[in-house]
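What follows is calculated from the coordinates using simple rules that are stated; it is not laboratory data. Since we're looking at a predicted model, the values are computed, not measured. Note that each Cβ is placed from the backbone with ideal geometry, even for glycine, and that neighbours are counted across all protein chains shown.
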Amino acid sequence: MRRVIVIGIGTGNPKHLTMQAIGALNGLDAVFIPRKGESKADLAELRREICRRFLTNPATRLVEFDLPVRNPREPAYGKRVTDWHDAIADLYCDLIAAEADDATIGLLVWGDPSLYDSTLRILERVGAKAGFPFAIDVIPGITSLQALAASHAIPLNDIGAPFMVTTGRRLREEGFPTGTDTALVMLDGECSFTALADAARYTIWWGAYLGMENEITVSGPLDCTAEKIVRTRETARARHGWIMDIYLLRRNL
Ligand SMILES: C[S@@+](CC[C@H](N)C(=O)[O-])C[C@H]1O[C@@H](n2cnc3c(N)ncnc32)[C@H](O)[C@@H]1O
């Protein structure tokens, strides 16, 4: 039976790879390397760099392919994502089928596959479409939550308290989450912290390209720091052509 190993690679620093991940990488027949277009060429390059550094098994092949893109003309967000996942599942189905029926195949997933990543959901679809069985294993990786906490040397939670992980869109549309004083915000292309009423009530710890050479961090009271983050983010995004950032917002007690 074919086996797909979903390997968390951390957030952009090859040194985030665990010994377990390196071991798994070297047991693969094929590593799939998705290309996500010119603007995200760095992300495919990081996967190649990981293979250059850690892959010592000469029998492991790198299989590169262009990842389908979302259809910008589809107005409904849910359908746009579902169609996109379906297209990726079709492609994975073909790529996995092209491997030997006892092959071990690796997918290198940014951060950890459990956190705002659809690889495991897409593989579920592949399972429903494919005319052959395959097993799935997961190797955990360092998440952007951990990278943020490490770079600022802060704990995520207050003593005995919960925290919420959410998206920029939800923060913008629903305001600060209820039931917690700590929100971790991901996937925010619009600096949604600027939409919070009463910024003086919050402290922010923000980080972009965490773990990478060009890592940037900014922290402080939200009312004094928000503008600096917006400017820093704009400049960095223009310079690199892409940005990934995350932040922790804590309500001051
Ligand atoms: C599609 S999610 C993937 C999350 C990933 N699976 C993880 O474990 O962190 C992408 C979001 O993760 C965050 N992120 C991932 N890598 C990051 C990095 N190196 N620096 C800052 N934020 C990062 C950003 O909020 C980005 O929008």
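In terms of the Cα gyration tensor, with a ≥ b ≥ c the square roots of its eigenvalues, is the range 40-158 rounded because a/c is under 1.5, prolate because a/b exceeds b/c, or oblate? List each step's numbers first, then the result.
On the way: a/c = 1.75, a/b = 1.17, b/c = 1.50.
Verdict is oblate for the range 40-158.
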Query - Positive dipole terminus of the chain, leading residue within PRO133, LEU55, LEU28 (C-beta point charges) - result: LEU55
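In percent, how large is the relative contact order of the range 118-253, given Cα pairs closer than 8 Å and 6 or more residues apart?
The normalised contact order for the range 118-253 reaches 25 percent.
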Query raised in the report: Of LYS36/LYS129; LYS15/LYS79; LYS15/LYS36, which sit over 30 Å apart, Cα to Cα?
Result: LYS15/LYS79
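Place a +1 charge on the Cβ of each Lys and Arg in the chain and a -1 charge on the Cβ of each Asp and Glu, then give the dipole magnitude about the Cα centre in debye, rounded to the nearest 20.
In debye, rounded to 20, the chain gives about 260.
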Report summary line: Between PHE65 and residues 5 or more places away or on another chain, the pairs with built amide H atoms under 5 Å apart involve ILE33, ARG35
**Report entry** Rh by Kirkwood over Cα pairs, then Stokes-Einstein D for the range 133-253 at 1.002 mPa s and 20 °C, µm²/s
**Finding:** 142
Report task. Post the alpha-carbon centroid distance, the range 172-221 to the range 94-123, in whole angstrom. Result -> 31
Query raised in the report: Can you list the residues, at least 5 places off or on another chain, whose amide H is less than 5 Å from the amide H of ILE139, using H built in the peptide plane?
Result: VAL6, ILE7, GLY8
**Report entry** Cα shape, the range 39-99, gyration tensor, a/c 1.5 rule
**Finding:** oblate
Query raised in the report: Given 5 Å bins starting at zero, what is the percent of C-alpha pairs of the chain in each, up to the one with the largest pair distance?
Result: 1, 6, 12, 15, 17, 15, 13, 10, 6, 3, 1, 0
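Within the P(r) computed for the range 1-58, what percentage of the Cα pairs occupies the region above 17 Å? Intermediate values should be presented prior to the final figure.
Values: 622 of 1653 pairs.
I get 38 percent for the Cα pairs in the range 1-58 exceeding 17 Å.
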Report summary line: Proxy exposure order for TYR202, TYR77, TYR92, TYR247 (fewest C-beta within 10 Å first) is TYR77, TYR202, TYR92, TYR247
Requested in this report: Could you run the Karplus curve 6.51 cos²θ - 1.76 cosθ + 1.60 with θ = phi - 60° over the range 172-178 and give me ³J(HN,Hα) per residue in whole Hz, x for Gly and Pro?
Outcome: 5, 7, 10, x, 5, x, 8
